[in-house]
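Readers should treat all values here as calculations from the given coordinates under stated rules, not as data from a laboratory. Keep in mind the model is a prediction, meaning the values are calculated, not measured. Virtual Cβ from ideal backbone geometry, glycine too; neighbours counted across all protein chains shown.
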Amino acid sequence: MRTFAILGVLLGLTVSTAAQSEPRIPASARNLLLDAKVSGNLESYHKGQRGAADHVIYDIQKKDFAKASGWHEYGVGFQQDLGVVPEDAPAFWMAQWSKPVAANLIVLSGVYDNQPQPATAWKIELHNEQGWTTLARGVGGWYDRGRYVWGGPGTEPAVFDALRVSVFSKDANTPIKSIHFRGEEGISWVVAYCPPIDAELKRPHWSIHAGRPVQFEGVGLLGDISSWRWDFGDGGGAHGRIVNHAFDKPGTYGVKLHFSNGTHSGRLGYVVAVGPPIEARIASMSNPVMAGEPVEFSGHGSIGAIEKYTWDFGNGQISRGKRVRYAFAKPGIYQVKLTVADDKYSDDCLLIVRAHSEDTLRVPQVVLDTDQKNEQDDQYYLGYALFSELDILGVDSVHHGGGQEPINYQEILHIIDLAGQSGLPGHREPFIFRGANERLAVPTSRKWPDTVPIMSDASEAILAAARGAAPENPVWIVPVGPGTNVASAILQARAEGLELKDRMRVMWLGGSNHEIINEFNGNNDPWSMYVVAQSGVATWIMPAPVGARVRIDKRTEAHYYAGHALGQYLKQITPAHNKPLFDPSCLSAIISLRLNLGWIKETEPVVVAGREQGYRWTRTDGATAVRVIRQIDEQAMKEDIFNTMKGQNRRLIGAGP
């Protein structure tokens with residue numbers, strides 16, 4: 001190891017922009033910022049404050065941010081002007097250690113996409129007993145919506161006791177505003193030592209059940225790894241790169257993989273959930289379910305030595321048997337649960353079914369998937385859906401990092417409560433499901449079928465809705481945040497053998513004009529939407545710049561808002577400017593497609609590239625299941641969104657072919 005007195009080698013860094021591939025951060029590395037005293041001076045400007053200095057720090061081992069935060073940022077108020085800030089008295093973020101640390105990886109992220117900083121100057125400095133030395137400096141660059149990366153596994157480490165990142169005016173005539181630093185989930189901010197060996201733990205793609213052997217695999221990524229040792233958390237262990245292990249009992253177990261080249265070593269780990277030795281499965285419906293008409297429900301495909309099959313039809317009615325016939329007395333949306341049991345354990349499977357009357361057979365069935373607490377447009381999206389005549393089979397919560405999913409879930413409940421106060425009938429209150437709180441991990445193979453799903457109540461609900469949907473009226477999944485839940489459901493369906501192409505469609509709000517990334521929703525989990533795009537499931541993409549054309553300015557258009565509790569809440573939380581509404585345009589698109597209203601004016605068939613190609617989509621004349629919406633009738637969509645929440649909804653019920 002060495003200090004950075006000889007700094008020439010250190011200056012061989014990489015400065016990335018958000019459009020380039022993400023840095024490889026070994027899972028075995030530990031973020032040294034967790035041990036540092038982190039501070040800054042942005043509070044001293046008295047221009048408002050966003051977050052705190054430690055809100056940007058990412059914990060590699062826990063796969064989450066070190067501190068819970070709404071936006072994982074540290075900055076002054078949005079659009080606040082600091083005037084001219086001189087270099088000798090800059091705005092800064094700083095980490096200090098009580099003793100020197102050795103690191104060979106530094107990853108920092110610049111500002112959010114909606115607050116560009118092309119003319120803001122910056123400087124990165126390291127400190128040791130010799131004082132401060134500049135590591136890099138510039139104007140715009142990585143700080144302008146990009147990413148700064150130095151080093152990585154195999155790079156000789158530097159030793160220092162402080163790191164400072166400063167921003168300031170590029171000259172005496174250029175003011176700076178909206179200054180902030182952001183953390184990226186799984187990426188930054190990170191200072192770490194990465195040994196010259198690296199590996200990945202390849203997890204099983206399917207659910208694990210007690211008594212059934214499952215394969216665990218270590219994949220070498222860097223260096224000559226000669227030793228692999230497994231600890232399965234149940235008293236069992238094994239040696240070798242690829243091993244098989246069976247857990248005796250259901251439960252959660254911490255699996256650890258230790259690897260070494262004889263000189264350096266690393267450790268990987270994760271928690272596995274082991275289910276019972278039996279598994280419930282419900283066969284998919286082949287035809288629409290009509291109220292008053294008996295239909296067969298089958299537990300065919302369930303696994304294990306099952307002794308009992310119990311069906312709960314979501315209305316207090318119970319039946320028993322592997323196959324049962326049942327008629328729903330009234331139209332409505334029902335959760336059907338199959339519970340299988342042996343002499344010791346039980347397991348459940350869910351199906352969401354719409355019991356139809358003749359006039360609802362062609363009404364689009366929808367599962368909403370929302371990061372509700374992200375921005376005001378999510379609340380418009382949910383309110384619009386609730387007061388429409390769309391069949392809302394469920395609402396999924398999704399939000400990544402910092403413990404935000406529970407906050408997101410509570411906002412969903414809040415909007416539904418306000419809708420109830422505003423006259424929403426009780427039968428329109430949807431089922432709600434908790435979803436992913438982290439992004440999908442990109443497999444080393446870069447092959448989408450190798451992706452490990454994040455199983456949650458939300459992904460199970462998507463599968464349940466697909467099982468209950470008849471092929472002539474597939475269920476729409478409408479993610480307006482990251483696509484983690486829907487991608488996980490697709491991956492789970494592959495493992496289960498459930499074919500989704502005729503049972504499910506996706507309408508996603510996200511991405512920029514030409515790629516999944518460079519936009520908030522897409523940046524949150526770009527691999528998830530790549531998985532969706534490769535799956536063959538019919539997918540419509542409403543790019544954020546297109547959805548943004550639907551706008552409301554409450555200063556001059558207050559008459560659009562309904563006078564009830566939900567309408568006034570939406571008006572209250574909406575900023576006083578020409579606010580893009582983004583998300584509800586997806587629902588307008590589905591309504592337009594069903595009623596042939598022509599609100600979607602232009603679409604483009606595309607193929608979507610992977611991570612190394614920047615997740616770009618390109619037009620194709622060949623076969624594809626993915627379409628990008630290019631032109632919409634934004635005024636017609638806007639009128640429908642607000643009229644619907646006033647009770648003047650489009651007549652989907654009873655509409656003809």
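Numerical summary
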read-out: Cross-link partners of K123 among aspartates and glutamates (Cα-Cα below 15 Å; sequence separation of 8 or more within a chain); value: E87, D88, D144, D171
read-out: Stokes-Einstein D (µm²/s) once Rh is taken as the Kirkwood radius of the chain over alpha-carbon pairs, at 4 °C in 1.567 mPa s; value: 48 µm²/s
read-out: Region 395-480, relative contact order in percent, only Cα pairs under 8 angstrom and at least six apart counted; value: 30 percent
read-out: Pairwise Lys count, region 254-409 - Cα closer than 20 Å, eight or more residues apart or different chains; value: 5
read-out: Highest average packing first - 439-452, 568-581, Cβ atoms within 10 Å; value: 439-452, 568-581
read-out: Around P196: net Lys/Arg minus Asp/Glu count, Cβ-Cβ under 11 Å; value: -3
read-out: Rg/Rh ratio calculated on Cα atoms of region 330-457 (Kirkwood radius); value: 1.03
read-out: Candidate aspartates and glutamates - alpha carbon under 14 Å from K62, same-chain residues fewer than 8 apart omitted; value: E185, E438
read-out: Over 19 Å [Cα-Cα, region 86-149], rounded percent; value: 38 percent
read-out: Leading residue at positive end of dipole, the chain (Cβ point charges), from I187, W206, L570; value: W206
read-out: Lys, Arg +1 and Asp, Glu -1 on Cβ, resulting dipole of region 198-275 about Cα centre, debye, nearest 20; value: 140 debye
read-out: nm² value of the averaged projected area, convex hull over the Cα atoms of region 198-275; value: 4.6 nm²
read-out: Packing rank of 136-148, 322-334, 103-115, where each peptide gets the mean count of other beta carbons within 10 Å, highest leading; value: 103-115, 136-148, 322-334
read-out: Span from the region 338-357 Cα centroid across to the region 627-654 one, whole angstrom; value: 36 Å
read-out: Local net charge near P543, Cβ-Cβ under 15 Å (Lys/Arg +1, Asp/Glu -1); value: -2
read-out: Between region 465-493 and region 303-322, the alpha-carbon center distance in angstrom; value: 25 Å
read-out: Projected area averaged over orientations for region 375-645, convex hull of C-alpha atoms, nm²; value: 13.8 nm²
read-out: Among I412, L440, S422 - extreme Cα towards positive end, dipole of region 374-455, charges at beta-carbon; value: L440
read-out: More than 14 Å apart - percent of Cα-Cα pairs taken over region 289-356; value: 56 percent
read-out: Solvent-free Debye scattering, log10 I(q)/I(0), computed from the Cα coordinates of region 2-192 at q = 0.12, 0.16, 0.17 Å⁻¹; value: -0.53, -0.99, -1.13
read-out: About the Cα centre, charge dipole magnitude for region 375-645 (Lys/Arg +1, Asp/Glu -1 at Cβ), debye; value: 440 debye
read-out: Summed side-chain charge close to D525 - residues other than D525 whose Cβ falls under 9 Å, Lys, Arg +1, Asp, Glu -1; value: -1
read-out: Straight-distance crosslink candidates among lysines, where the alpha carbon sits under 21 Å from K638 and sequence neighbours closer than 8 are dropped; value: K554, K571, K579, K601, K646
read-out: Cβ charges +1 (Lys, Arg) and -1 (Asp, Glu), total dipole of the chain, debye; value: 320 debye
read-out: Given charges at Cβ of Lys, Arg, Asp, Glu: the chain dipole, positive-most of I591, G262, G154; value: I591
read-out: Estimated D of region 421-494 in µm² per second, where Rh is the Kirkwood radius over Cα pairs and Stokes-Einstein applies at 37 °C, 0.692 mPa s; value: 235 µm²/s
